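Student: Have a look at the structure that comes next, please.
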């Protein structure tokens with residue numbers, strides 16, 4: 001399963017590579033990282049929509065995760081990727097906006113990796 005992780009914090013890449021070391025080694029999960037909404041769109045366009053699941057931070061400089069979500073749900077429809085929004089702020093406004101824009105799930109930081117693994121298994 002190919003997963004695109006979008007977050008402006010670069011240490012997220014190391015964290016995911018450590019937490020999913022076994023799954024990456026077994027080639028069960030393949031993570032691609034983008035550090036801005038703009039970079040995520042570029043990668044998605046170059047992947048021929050191989051990303052099955054997208055984990056996107058909401059609060060990023062430039063294009064926000066919510067803006068990215070809106071574009072993904074509008075432009076990448078066949079097959080539609082599952083989009084999980086991730087934020088440090090678990091407020092109702094971000095949650096409701098993300099749901100209205102078509103988010104499939106909503107996680108808060110710090111990410112509970114055990115829960116995330118369960119969610120990823122459900123979407124395989």
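What follows draws every value from the coordinates through simple rules; no lab data is involved. Being a predicted model, the structure only gives us computed values, none of them experimental.
Student: Please tell me the relative contact order of the chain in percent, rounded to the nearest whole number, where contacts are Cα pairs under 8 Å and at least six residues apart.
Tutor: Once divided by the residue count of the chain, the mean separation gives 24 percent.
Student: D for the chain, whole µm²/s, Stokes-Einstein with Kirkwood Rh over alpha-carbon pairs at 20 °C and 1.002 mPa s: what number?
Tutor: 149 µm²/s
Student: Compute from the Cα atoms of the range 29-92 the Rg and the Dmax, the latter being the longest Cα-Cα distance, and quote both in angstrom.
Tutor: Final numbers for Rg and Dmax: 11.3, 34 Å.
Student: Ok, one more. Computed on alpha carbon atoms, what radius of gyration and Dmax characterise the range 11-59, expressed in Å?
Tutor: According to the Cα coordinates of the range 11-59, Rg and Dmax are 11.6, 32 Å.
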